[in-house]
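Here's a structure for you.
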Amino acid sequence: MATEIRYKLTDRNMQTYEGCQWTLNEWKETTGEGDLCSAGWLHVYSDPLVAAFMNPSHAMITKPRLFKAEVDGKSKDDKGLKEGWTKVRLVKELDMPKPTLEQRIRFGILCAMKVCKDKKWRQWAEDWLSGRDRSRESAYASYAASDAASSASYASYASDAASYASYAASDIDLIAIAKEAMKEQVHVCAPA
């Protein structure tokens, strides 16, 4: 089987969890035993944008570096949020996407919209996405009106909204959502 390409985050010293040191073009190998968040798996992402959006809840790396990685061996998928592989090597450093706060909020809202059907919350979400109403008051009103969307109302926690959505629905395409979140938006100003 030919190796596949994925994406890996490290800290500025090319280290990951518990000081695991990475070196370009050097394979790391694990057993593939245990849960995905155990020492038996090496974590990677399917897309650089997914890595950027999920970093706050997965690795919390303050100034992450992004690498193109070759993967091989056994794999385990976490519904598109991240993957675990038994063999990984970093082959090239890439520019790290840097979503703005607005793009992170958009990502969280777009993920939550995949599973939340509450009409009041969806109206708030559509108004926020279009730029029609981004007021704090409407966000609070939306939150109060819908328990189902309560985590999404705090959409700056975009990675948490993505995790919730991925587990609540099987047809979530996080890459497509991340690309949509990164698009420039035209803001509509509310009348004064």
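One residue is enough: does the range 13-20 have a residue meeting the conditions within 28 Å of residue 107 (Cβ to Cβ), surrounded by 17 or more Cβ atoms within 10 Å (Cβ to Cβ), under 20 Å from the mean Cα position of the chain (by Cα) and of a type outside the set (Gly, Ala, Ser)?
There is at least one residue in the range 13-20 that is within 28 Å of residue 107 (Cβ to Cβ), surrounded by 17 or more Cβ atoms within 10 Å (Cβ to Cβ), under 20 Å from the mean Cα position of the chain (by Cα) and of a type outside the set (Gly, Ala, Ser).
If we keep just the residues of the range 80-102 that are in a strand (DSSP E or B), in contact with a Ser or Thr (Cβ under 9 Å, 6 or more places away or on another chain) and of a type in the set (Lys, Arg), which is nearest to residue 49 (Cα to Cα)?
89
Quick one: which residue in 67, 107 is part of a strand (DSSP E or B) and either in contact with a Ser or Thr (Cβ under 8 Å, 6 or more places away or on another chain) or buried (at least 22 other Cβ atoms within 10 Å of the Cβ) (or both)?
Residue meeting the stated conditions: 67.
I would also like to ask the following. Identify, by number, the condition in (1) part of a loop (DSSP other than H, G, I, E, B); (2) at pLDDT below 90 that residue 56 doesn't meet.
With respect to (1) part of a loop (DSSP other than H, G, I, E, B); (2) at pLDDT below 90, residue 56 is out only on (1).
The values are calculated or read from the model by the stated rules, or taken from the named source; none is laboratory data. Since we're looking at a predicted model, the values are computed, not measured. In this analysis, Cβ positions are derived from the backbone assuming ideal geometry, glycine residues included, and neighbour counts consider all displayed protein chains.
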